[in-house]
Amino acid sequence: MKYISVSVYLLLFVANHFVSSQSLTCTCQLDSTGMTMICDNIQTIFAYQRCLHDQLNLQTDYKLRRGGLITNLTLRYHQLQSVSKHLFEFSYGNHFYQLNDLRYLRIINGTLQTIQEKTFDLIQNSLEHLDLSNNELESVPKFSMNNLM
């Protein structure tokens, strides 16, 4: 009976640890058109870059592999406290990524507190919709609102 109790306790501990580990893993999914990327459970900007790289690196089209066709980006259930231009333009490994045609940007349901100056410079001419709902924002820098509705 003692062994059964220990076995059940150990099984519950391992199962609980496994579920917690899964919930901390970031994922990015690209739709079949290559235009919409949805990323969940982003813990750091580096984790976001890795997840995006992992997803785009699977693509065969060169422009798509560099993020050039993505027009919709959603980050949800994230732990990012601050974002910068490195969200849209960065190098990972030997690859350079540039999401300069974003029309719809959603950074939602997370811990975002600040947005650094010049964060939106690369996408300010293409951006039409910005959703920062359900975050902990303290400040948002001023940027051109010409395209935003």
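Values computed for the structure shown
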| quantity | calculated |
| --- | --- |
| Filter result for the condition that a residue is basic (Lys, Arg) and crowded, with 17+ Cβ neighbours inside 10 Å, over Arg65, Arg76, Arg50 | Arg65 |
| Residue tally, condition closer than 21 Å to Lys118 by Cβ, open to solvent by 10 Å² or more (accessible area, probe 1.4 Å) and either among the aromatic types (Phe, Trp, Tyr) or not in a loop (DSSP other than H, G, I, E, B) (or both), over region 93-104 | 3 |
| Every pair of residues 6+ apart whose Cβ atoms lie under 6 Å, when the first sits in region 42-58 and is over 19 Å from Thr114 (Cα atoms) while the second is in a helix (DSSP H, G or I) | Leu56/Arg65 |
| Breaking point among (1) small (Gly, Ala, Ser); (2) surrounded by fewer than 17 Cβ atoms within 10 Å (Cβ to Cβ); (3) touching a Cys at 6+ places or on another chain (Cβ under 7 Å), for Ser82 | (3) |
| Among the residues listed as Leu73, Leu102, the single one being hydrophobic (A, V, I, L, M, F, W, C), closer than 22 Å to Tyr62 by Cα, modelled with pLDDT of 95 or more and touching a Ser or Thr at 6+ places or on another chain (Cβ under 7 Å) | Leu102 |
| Only one of Phe90, Phe120 that is assigned to a strand (DSSP E or B) and open to solvent by less than 20 Å² (accessible area, probe 1.4 Å) | Phe90 |
| Residue in region 86-97 that is over 16 Å from Arg50 (Cβ atoms) and either in contact with a Phe, Trp or Tyr (Cβ under 8 Å, 6 or more places away or on another chain) or modelled with pLDDT of 95 or more (or both) present | no |
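Quick grid of which residues meet (1) under 20 Å from Asn41 (Cβ atoms); (2) among the small types (Gly, Ala, Ser):
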{"residue": "Gly68", "(1), (2)": "no, yes"}
{"residue": "Arg76", "(1), (2)": "yes, no"}
{"residue": "Gln79", "(1), (2)": "yes, no"}
{"residue": "His86", "(1), (2)": "yes, no"}
{"residue": "Glu89", "(1), (2)": "no, no"}
{"residue": "Tyr104", "(1), (2)": "no, no"}
{"residue": "Glu117", "(1), (2)": "no, no"}
{"residue": "Asp121", "(1), (2)": "no, no"}
{"residue": "Ser133", "(1), (2)": "yes, yes"}
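The values are calculated or read from the model by the stated rules, or taken from the named source; none is laboratory data. This one's a predicted model, so the numbers in the text were calculated from it and none came from an experiment. Backbone-built Cβ (ideal geometry, glycine too); neighbour counts: all protein chains shown. Side chains are part of the model used for accessible areas, which takes the heavy atoms of the whole protein and leaves out ligands, DNA and RNA. Shrake-Rupley method; radii C 1.70, N 1.55, O 1.52, S 1.80 Å.
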